[in-house]
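Okay, so here's the structure we're looking at.
The values are calculated or read from the model by the stated rules, or taken from the named source; none is laboratory data. If you're wondering where the values come from, they're calculated on a predicted model, not measured in any experiment. Every residue, glycine as well, gets a Cβ built from its backbone with ideal geometry; the counts of neighbours run over all protein chains shown.
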Amino acid sequence: MATELTKPEKFFQKRFGMNEPAFEQILGAALERKADYADLYFEYRNAESLALEESMVNHTSKSVSQGVGVRVCAEDRTGYAYSDEVTVDRMRIAAEAARAIADTRTREIAPVQVGTAVRRHNLYELDSTPLEIPVEERAKLLYEIDKIARAYDPRIKNVMASFIAEQKLVMIVTSEGKIAADTQPLCRLNVSVIAEEGTERQMGSFGGGGRVEWRYFLEGEKWRDYAKEAARQAIVNLAAVDAPAGESIVVLAPGWPGILLHEAIGHGLEGDFNRKGTSAFAGKIGQRVASEFCTVVDDGTIASRRGSLNVDDEGTPTSRTVLIEKGILRGYMQDRMNAKLMKMEATGNGRRESFAHAPMPRMTNTFMLAGEHDPKDIIKSVPKGLYAVSFGGGQVDITNGKFVFSASEAYLIENGEVTKPVKGATLIGNGPDVLTRVTMVGNDLELDSGIGTCGKDGQSVPVGVGMPTIRIDGITVGGTSS
Amino acid sequence: MAELDLNLAEWALGVAKKHGATAAEVLLVSGESLSAGVRLGEVEKLKSSRERRLGLRIFSGQSSATSSTAEIEPDSLQDFIKSTVDLAKLTAPDPWSGLPDAALHPHSFPELDLEDNQHRIIAAPRALELARSAEKAALQSDPRIKNSEGAEFDSGTYRVIFANSQGFAGEYAGTSYHLGIAPIAQDESGMQTGYWYTSNRMFEKLDDPAMVGRKAAERALRKLGARKIKTTRVPIVFDPQMAAGLVHSLAGAASGPTLYRGASYLVGKLGQKVASANVTLVDDARMVGGPGSKPFDGEGLATNRKNLVENGELKTYLLDSYSARKLKLSPTGNASRSVGSPPGVSTTNFYLAPGSHTPEEIIGSVKQGLYLTELIGFGINMVTGDYSRGAGGIWIENGELTYPVQEVTIAGNLKDMFSSIEMIGNDLVWRSSTVSPTIKIAEMTIAGA
């Protein structure tokens with residue numbers, strides 16, 4: 001592996017001539033007015049994608065992005081400016097634009113001295129990245145997936161598969177003198193299929209990935225499972241009946257349904273909304289927000305996961321933060337600025353989509369710890385309800401706490417048995433209330449397969465979710481059938 | 001760094017050809033923007049940006065690859081163009097791929113008035129002042145407006161240059177201005193956000209900031225005390241914002257890529273009835289000053305005005321050249337192109353043609369039903385048309401708006417929903433590139449308690 005990937009600092013120095021005197025000069029300019037803090041975020045990103053449809057890998061693309069963001073903070077004000085030209089002149093212009101949020105300084109301050117390297121985790125050092133695998137080899141896997149998915153059932157009429165890989169080099173330099181740099185690989189393999197029977201058509205999809213090497217997909221033939229899973233879901237849905245409408249007991253399968261935690265409580269526990277008092281969870285630390293069975297954490301330190309980071313996008317090492325402990329609200333996810341204003345610790349949750357965005361508190365991998373129930377007993381305990389296995393997207397209104405997420409595979413539970421598949425089920429609930437209705441938690445914690453992307457304020461970042469099987473007594477299911 | 005202009009585009013096309021490309025497209029996109037945010041009267045953020053990217057689509061016979069880069073230096077570009085040609089060669093030949101028919105490229109472009117050259121980027125002090133006055137009006141309008149997510153004023157300029165190896169070259173530029181505010185209302189029942197905005201290509205055509213602020217406050221206040229209702233089937237009146245989202249879904253289902261993949265409920269419905277007879281949906285790329293206007297599409301074909309749905313009948317699909325070839329139809333001038341991806345399909349200025357009813361008449365016609373003002377979640381299955389989303393609004397009782405409703409879902413199927421649009425309002429306002437007047441859908445399922 002080239003040194004520039006193991007030492008991203010060297011890469012930025014070599015490529016753009018970025019060195020300590022340059023940092024000190026720009027950060028000095030950024031702090032010329034009465035600001036508390038300034039930082040620089042350098043990014044260089046390479047990405048490639050291959051896509052198959054109609055049994056052809058007919059779409060390939062690649063991209064190179066580069067840029068630098070200059071941030072200036074003064075109390076709760078943020079000035080941000082960025083440029084995709086990484087030169088000292090452009091950065092000086094950016095620093096002048098960003099510092100406009102601060103008042104004129106009356107006293108001189110000590111010059112900025114840069115040089116302390118931040119200790120970072122080592123969660124995803126790869127021998128080689130999927131970008132180094134020949135395009136032909138990557139394409140070959142997509143052709144295999146096409147075959148497997150079509151072979152699953154003759155009703156599978158179309159298969160779309162894609163493989164996206166990126167390598168992002170980042171470096172954060174702060175006015176406190178710290179330098180943090182990281183090389184962040186990320187990839188994702190996705191399969192979607194269309195099944196057709198008579199006039200009925202349904203889609204199924206599955207995928208996975210993370211900060212992993214190519215061989216991750218080959219080990220245990222994960223790619224084969226993805227193809228079969230997508231096909232299975234589409235075929236199941238061909239027989240689906242309309243979802244019931246109204247309040248119901250809902251059992252959520254383990255893994256990806258953890259998106260419930262992400263939407264229902266995760267966003268509401270991000271520091272910015274709580275500092276501003278705009279979250280339905282504001283001021284509730286120490287209070288009961290879930291049943292005693294629920295312990296929820298956000299953990300950016302799990303090796304190789306899609307939501308993990310060695311350091312966050314402000315240079316703070318990521319951590320494991322207990323959000324809810326046995327039902328009691330314990331903590332928020334914080335970036336640097338919100339932590340400081342709330343007199344709390346930064347938790348390594350300051351993230352951004354790219355150099356074109358200022359960081360804010362975001363989730364990493366958010367999941368509920370395992371409980372004691374056998375998942376079979378959880379389903380058996382339900383006389384009438386819904387068993388939701390997989391979900392499409394979800395959304396939340398932070399302020400009133402209402403959230404929704406849409407099931408892409410769900411079944412009726414009748415007399416303790418999983419019966420007919422249902423389609424078009426959307427679950428809607430109230431964040432501060434939904435986890436108080438959790439009456440059983442399974443012993444089968446699973447993390448998702450590595451497909452999640454979270455959007456907030458126009459910025460997308462990769463995240464992970466996870467959950468054991470849980471039973472929720474009373475959540476509204478939006479369907480059409482009475 | 002090289003200047004982004006037609007010369008650079010022509011140079012890149014030449015380099016591609018030299019490395020063995022049989023055809024190519026170059027897209028150069030650049031822009032600047034400034035956004036200014038205030039919260040509770042104080043400056044919260046200022047963001048200034050400058051971006052330039054070069055995008056390529058390279059063909060080697062029937063094989064193609066797309067790429068984009070921000071490294072716009074001749075040396076690194078040479079290598080980058082060559083690597084894209086190499087990638088194209090590794091891609092499977094696709095019998096439907098290729099540039100559009102050269103005879104379809106226009107030779108002249110309409111004047112669409114997309115640029116406010118008098119104002120361009122609004123400097124920070126003025127931008128902050130505009131955001132401040134919107135927020136101030138919201139905060140002062142009612143004592144229950146106690147907090148705010150802030151107000152933001154953005155201005156931006158962009159320039160698009162596009163050229164291909166069969167002689168097409170064109171460029172256009174535009175400006176945009178946006179002022180949005182999200183105040184928070186609070187009483188013993190809890191907190192609610194309201195959001196309102198004004199947006200235009202011309203700075204002076206923006207709505208009065210104070211009016212925008214008051215409207216946002218009203219929208220937050222009217223949600224206070226919202227309750228869940230019992231599961232029921234009733235008429236739903238979509239306010240103009242919610243209706244715009246709904247008509248946008250139909251356009252998505254009518255676009256080429258979803259159709260040839262079999263991923264749309266409108267497969268095979270061309271020429272058939274897909275909505276009630278009062279529904280006409282228009283896509284008009286040539287509206288002077290329109291938020292979605294452009295002189296040529298993402299493949300260099302002429303844009304146009306057409307009815308997607310006319311009196312309930314699906315008149316055309318929305319197609320780029322690739323999906324048109326696959327479906328054995330002609331491209332419709334709706335190719336969209338972002339710098340890093342191959343062409344897709346999008347609407348331009350898209351709207352539901354207004355009817356004759358005032359919104360009050362529409363609400364007045366409902367004995368019991370929901371006036372829908374909010375939707376959350378992504379519960380639309382394009383393949384089947386199944387629709388199930390989180391909803392909020394105001395309960396209608398005997399033709400009058402009564403109490404606010406929340407934590408319910410509305411569900412149906414797009415096919416049935418469009419076929420049961422009973423009334424269409426006369427209140428069409430161009431707030432964004434997809435707009436609709438108020439509409440009434442005969443009946444949908446509300447799931448609640």
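Enumerate the pairs (first residue in segment B:434-447 and more than 14 Å from chain A (Cβ to nearest Cβ) and in a loop (DSSP other than H, G, I, E, B); second residue anywhere and of a type in the set (D, E, K, R) and crowded, with 24+ Cβ neighbours inside 10 Å) with beta-carbon separation below 6 Å, excluding pairs fewer than 6 apart on the same chain, so at least 6 apart or on different chains.
none
Table: residues versus (1) farther than 22 Å from A:D299 by Cα; (2) of a type outside the set (D, E, K, R); (3) crowded, with 23+ Cβ neighbours inside 10 Å.
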site	(1), (2), (3)
A:V389	yes, yes, no
A:A407	yes, yes, yes
A:G424	yes, yes, yes
A:T436	yes, yes, no
A:E446	no, no, no
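Could you tell me which of the residues A:L435, A:L445 is at negative phi and touching a Pro at 6+ places or on another chain (Cβ under 9 Å)?
A:L445
Which members of segment B:366-407 meet the condition of being facing chain A (nearest Cβ under 7 Å) and assigned to a strand (DSSP E or B)? So that I can check it myself, show each step before the final result.
Just the residues of segment B:366-407 that are facing chain A (nearest Cβ under 7 Å), to begin with: B:376-379, B:381, B:383-384, B:386, B:388-390, B:406-407.
Selection gives B:I376, B:D386, B:S388, B:R389, B:G390, B:Q406, B:E407.
Just to be sure before I move on: is B:A137 more than 14 Å from chain A (Cβ to nearest Cβ), surrounded by fewer than 19 Cβ atoms within 10 Å (Cβ to Cβ), closer than 23 Å to B:A127 by Cβ and small (G, A, S) in the structure I sent? Walk me through how you get there before you give the answer.
Details: more than 14 Å from chain A (Cβ to nearest Cβ): yes; surrounded by fewer than 19 Cβ atoms within 10 Å (Cβ to Cβ): no; closer than 23 Å to B:A127 by Cβ: yes; small (G, A, S): yes.
The answer is no for B:A137.
For segment B:195-292, give me every one of the strands (runs of 3 or more DSSP E) that falls completely inside it and has 1 or more residues that are more than 14 Å from chain A (Cβ to nearest Cβ), out of contact with any Phe, Trp or Tyr (no Cβ under 7 Å at 6 or more places or on another chain) and more than 23 Å from B:T348 (Cβ to Cβ). Give the derivation first.
Working: elements: B:196-200, B:232-238, B:281-284.
Correct list: B:196-200, B:232-238.
Suppose the filter is in a strand (DSSP E or B), within 9 Å of chain B (Cβ to nearest Cβ) and modelled with pLDDT of 95 or more; does A:L40 pass it? Outline the logic, then answer.
On the way: in a strand (DSSP E or B): yes; within 9 Å of chain B (Cβ to nearest Cβ): no; modelled with pLDDT of 95 or more: yes.
No; evaluated as a whole, the condition is false for this residue.
Residues are listed down the side, and each one gets a yes or a no for (1) of a type in the set (K, R); (2) within 22 Å of A:S354 (Cα to Cα); (3) touching a residue at least 24 places away in the same chain (Cβ under 8 Å); (4) not assigned by TED's automatic domain parsing to the domain that holds A:G28:
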| site | (1), (2), (3), (4) |
| --- | --- |
| A:S65 | no, yes, yes, no |
| A:I101 | no, yes, yes, no |
| A:V112 | no, no, yes, no |
| A:R120 | yes, yes, yes, no |
| A:K140 | yes, no, no, no |
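Hey, any hits in segment A:163-170 for a residue that's within 22 Å of A:S205 (Cα to Cα) and of a type in the set (D, E, K, R)?
Of the residues in segment A:163-170, the ones within 22 Å of A:S205 (Cα to Cα) are A:163-166.
Going one step further and asking which of them are of a type in the set (D, E, K, R), we end up with A:166.
Among the residues of segment A:163-170, at least one is within 22 Å of A:S205 (Cα to Cα) and of a type in the set (D, E, K, R), which makes the answer yes.
If you scan segment A:50-62, which residues turn out to be at the interface with another protein chain (Cβ under 9 Å from one of its Cβ atoms) and assigned to a strand (DSSP E or B)?
A:L50, A:L52, A:E53, A:M56, A:V57, A:N58, A:H59, A:T60, A:S61, A:K62
Mind checking which pairs have a first residue in segment B:336-362 that is surrounded by fewer than 22 Cβ atoms within 10 Å (Cβ to Cβ) and a second that is of a type in the set (K, R), Cβ under 6 Å, 6 or more apart or different chains?
Pairs found: B:V339/B:R53.
Among residues belonging to segment A:402-446 that are away from chain B (no Cβ under 14 Å) and in a loop (DSSP other than H, G, I, E, B), point out the one that is nearest to the chain's Cα centre (by Cα).
Here is the first cut: in segment A:402-446, the ones away from chain B (no Cβ under 14 Å) are A:411-420, A:435-436, A:438-446.
From what's left, in a loop (DSSP other than H, G, I, E, B): A:415-416, A:443-445.
On the way: A:N415: 37, A:G416: 34, A:N443: 24, A:D444: 22, A:L445: 18 Å.
Top of the filtered list is A:L445.
Read through the list (1) surrounded by fewer than 21 Cβ atoms within 10 Å (Cβ to Cβ); (2) modelled with pLDDT of 95 or more; (3) at the interface with chain A (Cβ under 7 Å from one of its Cβ atoms), then give the number of the only condition that B:E71 fails.
(2)
Return the pairs, sorted by first residue and then second, in which the second residue is of a type in the set (D, E, K, R) and surrounded by fewer than 22 Cβ atoms within 10 Å (Cβ to Cβ), the first residue lies in segment B:287-301 and is on the phi > 0 side of the Ramachandran plot, the beta carbons are less than 6 Å apart, and the residues are 6+ apart or on different chains.
Note: pairs meeting the criteria are B:G289/B:D113; B:G289/B:R201.
Restricting attention to segment B:33-40, does a residue exist that is more than 8 Å from every other protein chain (Cβ to nearest Cβ), modelled with pLDDT of 95 or more and more than 30 Å from A:A35 (Cβ to Cβ)?
Scanning segment B:33-40 turns up no residue that is more than 8 Å from every other protein chain (Cβ to nearest Cβ), modelled with pLDDT of 95 or more and more than 30 Å from A:A35 (Cβ to Cβ).
Tally time: how many residues in segment A:97-143 are out of contact with any Ser or Thr (no Cβ under 7 Å at 6 or more places or on another chain) and part of a loop (DSSP other than H, G, I, E, B)?
So the answer is 24.
Going through A:A35, A:A94 one at a time, which residue ends up being surrounded by 22 or more Cβ atoms within 10 Å (Cβ to Cβ) and part of a loop (DSSP other than H, G, I, E, B)? Step through it out loud before you land on a result.
Details: A:A94 fails: part of a loop (DSSP other than H, G, I, E, B).
A:A35 is the lone residue from the list that is surrounded by 22 or more Cβ atoms within 10 Å (Cβ to Cβ) and part of a loop (DSSP other than H, G, I, E, B).
Per-residue answers, yes or no, for (1) in contact (Cβ under 8 Å) with a residue 60 or more places away in the chain; (2) more than 10 Å from chain A (Cβ to nearest Cβ); (3) not in a loop (DSSP other than H, G, I, E, B):
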residue: B:A65; (1), (2), (3): no, no, yes
residue: B:D79; (1), (2), (3): no, yes, yes
residue: B:A92; (1), (2), (3): no, no, no
residue: B:A103; (1), (2), (3): no, yes, yes
residue: B:D113; (1), (2), (3): yes, yes, no
residue: B:D116; (1), (2), (3): yes, yes, no
residue: B:H119; (1), (2), (3): yes, yes, no
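If A:A74 satisfies every condition in (1) within 14 Å of chain B (Cβ to nearest Cβ); (2) more than 30 Å from B:A123 (Cβ to Cβ) but one, which is the exception?
(2)
Scan (1) surrounded by fewer than 21 Cβ atoms within 10 Å (Cβ to Cβ); (2) of a type in the set (A, V, I, L, M); (3) under 25 Å from B:V15 (Cβ atoms); (4) touching a helix residue (DSSP H, G or I) at 6+ places or on another chain (Cβ under 6 Å) for the single condition B:A92 breaks and write down its number.
Result: B:A92 fails condition (4) only.
Okay, residues lined up against (1) within 14 Å of another protein chain (Cβ to nearest Cβ); (2) aliphatic (A, V, I, L, M); (3) touching a strand residue (DSSP E or B) at 6+ places or on another chain (Cβ under 8 Å); (4) not in a loop (DSSP other than H, G, I, E, B):
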residue: A:K168; (1), (2), (3), (4): yes, no, yes, yes
residue: A:A181; (1), (2), (3), (4): no, yes, yes, yes
residue: A:L189; (1), (2), (3), (4): no, yes, yes, yes
residue: A:I194; (1), (2), (3), (4): yes, yes, yes, yes
residue: A:G220; (1), (2), (3), (4): no, no, no, yes
residue: A:E229; (1), (2), (3), (4): no, no, yes, yes
residue: A:S248; (1), (2), (3), (4): yes, no, yes, yes
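Within the bounds of segment B:49-61, is there any residue that is in contact (Cβ under 8 Å) with a residue 24 or more places away in the chain and within 8 Å of chain A (Cβ to nearest Cβ)? First the steps, then the outcome.
As a first pass, look at segment B:49-61 and keep what is in contact (Cβ under 8 Å) with a residue 24 or more places away in the chain: B:52-61.
When the remaining residues are screened for being within 8 Å of chain A (Cβ to nearest Cβ), the result is B:52-53.
Checked against the condition, which is being in contact (Cβ under 8 Å) with a residue 24 or more places away in the chain and within 8 Å of chain A (Cβ to nearest Cβ), segment B:49-61 yields at least one hit.
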